[in-house]
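Asks: Here's a structure for you.
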Amino acid sequence: MKILGISGSLRKDSYNTYLLEAAREAIGDSALFGTFDIGTVPHYHGDQDGEEKPTAVQHLKDDIESADGIVIATPEYNYSLPGVLKNAIDWASRPAFNSVLKDKPTLILSASMSPTGGARAQVHLRDILAGVLAPVFAGPDFLVPTAQDKFDEAGKLTDEATQKRLQKRMDAYIEWVGKLSA
Ligand SMILES: Cc1cc2nc3c(=O)[nH]c(=O)nc-3n(C[C@H](O)[C@H](O)[C@H](O)COP(=O)(O)O)c2cc1C
């Protein structure tokens, strides 16, 4: 099984990128876990969305296509998801209703420095994924609020309760992807 991890944050010390790394550790040997850096993707441009696409866009689409599932860890920016993440989804979403995202089992995680943990970004992201026909793992939102207290300086998830919650969520997600791709 192959899982593709996408962080909605481009910064080096991103809690969401750290969270994705913790998800990779939780998955362990149950699946291959690769990541894609959406910072390489240009702004969506309809004139460039022809037969031949910008190289980074083609890589994104290929990586999504070859993955059995996608794990997205996103910050919340101004009550929604970051524009870079929406931009990457827009590129990957074509052709409409028949893109590499169609039927791709997706898991949403979010980390935020605020006490709300990125909940509003998740609501918007779920809606967008419905629009591209990507099923989202059903369960209570996986939120990591006050993320600055849950990771150490090296970016390791140190909060035990969050670790346990993440392990349970990743086990259930991998089981779901396995059932869908069987
Ligand atoms: C432009 C911008 C807008 C933000 N808006 C929100 C917000 O609406 N809600 C929230 O919980 N955090 C908000 N934050 C704070 C982020 O949760 C915090 O910076 C977080 O660490 C970003 O994720 P990262 O560590 O993965 O980069 C905002 C941050 C930025 C840069």
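Asks: From the list Ala130, Ala121, Ala88, exactly one residue is modelled with pLDDT of 95 or more, near the ligand (Cβ under 10 Å from one of its atoms) and either of a type in the set (D, E, K, R) or assigned to a helix (DSSP H, G or I) (or both). Which is it? Please lay out each step first, then the result.
Replies: Details: Ala130 fails: near the ligand (Cβ under 10 Å from one of its atoms); Ala88 fails: near the ligand (Cβ under 10 Å from one of its atoms).
Just a single option satisfies the conditions, and that option is Ala121.
Asks: So, in region 53-79, of the ones that are within 16 Å of the ligand (Cβ to nearest atom) and not in a loop (DSSP other than H, G, I, E, B), which residue ends up nearest to the chain's Cα centre (by Cα)? Explain how you work it out, then say what you get.
Replies: First, the residues of region 53-79 that are within 16 Å of the ligand (Cβ to nearest atom): 71-79.
Next cut, not in a loop (DSSP other than H, G, I, E, B) only: 71-74, 77.
On the way: Val71: 4, Ile72: 1, Ala73: 4, Thr74: 7, Tyr77: 15 Å.
Among residues in region 53-79 that are within 16 Å of the ligand (Cβ to nearest atom) and not in a loop (DSSP other than H, G, I, E, B), the one nearest to the chain's Cα centre (by Cα) is Ile72.
Asks: Another question, then. Which residue pairs have Cβ atoms under 8 Å apart, sit 6 or more places apart or on different chains, and have a first residue in region 135-148 that is touching a residue at least 24 places away in the same chain (Cβ under 8 Å) and away from the ligand (no atom under 16 Å from the Cβ) and a second that is basic (Lys, Arg) and in a loop (DSSP other than H, G, I, E, B)?
Replies: Every condition considered, the pairs that remain are Pro135/Lys104.
Asks: Contact list please: Cβ distance under 6 Å, first residue in region 87-107 and in contact (Cβ under 8 Å) with a residue 40 or more places away in the chain and acidic (Asp, Glu), second residue in a loop (DSSP other than H, G, I, E, B) and surrounded by fewer than 21 Cβ atoms within 10 Å (Cβ to Cβ), pairs at least six apart or on different chains.
Replies: Asp90/Tyr44
Asks: Any residue at all in region 118-141 that is in contact with a helix residue (DSSP H, G or I) (Cβ under 6 Å, 6 or more places away or on another chain) and over 17 Å from Gly69 (Cα atoms)?
Replies: Looking through region 118-141, at least one residue is in contact with a helix residue (DSSP H, G or I) (Cβ under 6 Å, 6 or more places away or on another chain) and over 17 Å from Gly69 (Cα atoms).
Asks: Which of the residues belonging to region 156-175 are surrounded by 14 or more Cβ atoms within 10 Å (Cβ to Cβ) and either charged (D, E, K, R) or at pLDDT below 95 (or both)?
Replies: Asp159, Arg165, Arg169, Asp171, listed by residue number.
Asks: Would you check which residues across region 1-38 are within 12 Å of the ligand (Cβ to nearest atom) and either loosely packed, with under 14 Cβ neighbours inside 10 Å or free of Cβ contacts under 8 Å to residues at least 60 places away in the same chain (or both) and list them?
Replies: Passing the criteria: Arg11, Lys12, Asp13.
Asks: For Leu60, which of the numbered conditions (1) under 21 Å from Arg24 (Cβ atoms); (2) in contact with a Phe, Trp or Tyr (Cβ under 9 Å, 6 or more places away or on another chain); (3) loosely packed, with under 15 Cβ neighbours inside 10 Å fails to hold?
Replies: Unmet for Leu60, out of (1) under 21 Å from Arg24 (Cβ atoms); (2) in contact with a Phe, Trp or Tyr (Cβ under 9 Å, 6 or more places away or on another chain); (3) loosely packed, with under 15 Cβ neighbours inside 10 Å: (3).
Asks: Okay, next question. Search region 93-116 for residues being more than 15 Å from the chain's Cα centre (by Cα) and within 16 Å of the ligand (Cβ to nearest atom), and hand back the single one that is surrounded by the fewest Cβ atoms within 10 Å (Cβ to Cβ).
Replies: Pro115
The values are calculated or read from the model by the stated rules, or taken from the named source; none is laboratory data. If you're wondering where the values come from, they're calculated on a predicted model, not measured in any experiment. Positions of Cβ are backbone-derived with ideal geometry, glycine not excepted, and every protein chain shown enters the neighbour counts.
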